[in-house]
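Reviewing the structure listed below.
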Amino acid sequence: MKQVIQVPETTGFDDDLLGQTFVPIDEQLLKKYTSSQWGFTQGLLLGQLSVIVVIVLFIRFFVFSESAASNKTAPKEPIINKRIKNYKTIDSQSSPLLSLDNEGLPQSAADLFKAKVSAILEKTYYDVKTHQSESLDWFNVLVAQMISQFRDEALSNDNIYHSLRAALSSSDLPDYLDTINITEINIGSDFPIFSNCRIKQNELNGRLEAKIDVDLSDTLTLEIETKLLLNYPKTLTASLPIQLSVSIVRFSGCLTVSLITASDEELEDDSSSSAKGVGLMFSFSPDYRLEFEIKSLIGSRTKLEDIPRLSSIIDSQLRNWFVERCIEPRFQLIKLPSLWPRKKNTRQDENDI
């Protein structure tokens, strides 16, 4: 049975309690209310504690990982060793040119080079036998910009004139020639056209080469004048004025371009600074076309103009000079700078700031 506590409605001891009515209170209801408040507090504390535990575990295992400690105990294997070990699984299957020994390593540097070339052709989807030749219109535009800039610098303040004059003045001339003076310089106005580019593999060394047709129709002229001195029977007995003009009016041929690294034979035999790093090799095929226009004028009073024999000698000397330097099997080698980005090479256009 429920116990009910009755409080008198009025008492005579406290005037403040007069007029107030006391309602009976259920003890069981009071206990239930008190227990519900304690249960809410426990749930709130447990929820906050669980959130804190989750945050601590996340920071412990995801933010502060133990990779640094594990790297100290376990020695790190060099990347190059991994590449050599994986070489058998990658290149030996894709390239039939590579022969491997029992340990999966290339037998010679030539086999490694052939495998590298085959991998490049395979991953770039280029077949040297069936791939069509390509036009180089974009390359012609870049080359034209470079040549145009060179011409502007050469003509600025007559730089090319002063350079050629200094070169002729410093050269050792024979006793029968007077000082050479430059009377005309023409560096042209047209640009070379590159076309019909195709990638071929050299049959001798397996190197990849770019074959490019080059055609230039322009006029490049250098005109000089000097005197032929007669020093017999005494010095400066007589002199014969000579005017000579040489112009290149046409050139066409097949240009061969390839890259040579420090491991190649050509660079190892070279004792110059070009023997280190990567070099750009270029040469022209023997079936080139080079046309000159040579004019000559000899004498003071009675002048001989355009002597065929003299023109033939000059033409032969210029061709021999070109053949000995640029015609296959000879080639020119230009050392390429490092392409690795460096802070000292960083620039920014002032208009973009």
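The values are calculated or read from the model by the stated rules, or taken from the named source; none is laboratory data. The shown structure was predicted, so the numbers you read here are calculated from the model rather than taken from an experiment. With ideal geometry, Cβ positions are generated from the backbone for all residues, glycine too; neighbour counts draw on all protein chains shown. Areas reflect the complete protein model, heavy atoms only, side chains present, ligands, DNA and RNA absent. Shrake-Rupley method; radii C 1.70, N 1.55, O 1.52, S 1.80 Å.
Things worth noting here:
- Charged neighbours of N181, selected by a Cβ distance under 11 Å, balance to -2 (K, R count +1; D, E count -1).
- Across q = 0.15, 0.21, 0.22 Å⁻¹, segment 277-329 modelled as identical point scatterers on its alpha-carbon atoms has Debye log10 I(q)/I(0) values of -0.58, -0.83, -0.87, in the order of the q list.
- Across the alpha-carbon set of segment 191-244, the Rg to Rh ratio works out to 1.50, Rh being the Kirkwood radius.
- Per residue solvent-accessible surface (Å²) - segment 179-253, probe of 1.4 Å: 56
- Across all Cα atoms of segment 186-337, the radius of gyration (one decimal) and Dmax (whole number) stand at 21.1, 64 Å.
- Hydrodynamic radius (Kirkwood) for segment 118-165, which is based on Cα pairs only, to one decimal in Å: 14.3
- Length, then width, then depth: along the principal axes, the Cα atoms of segment 148-255 run 63, 37, 22 Å.
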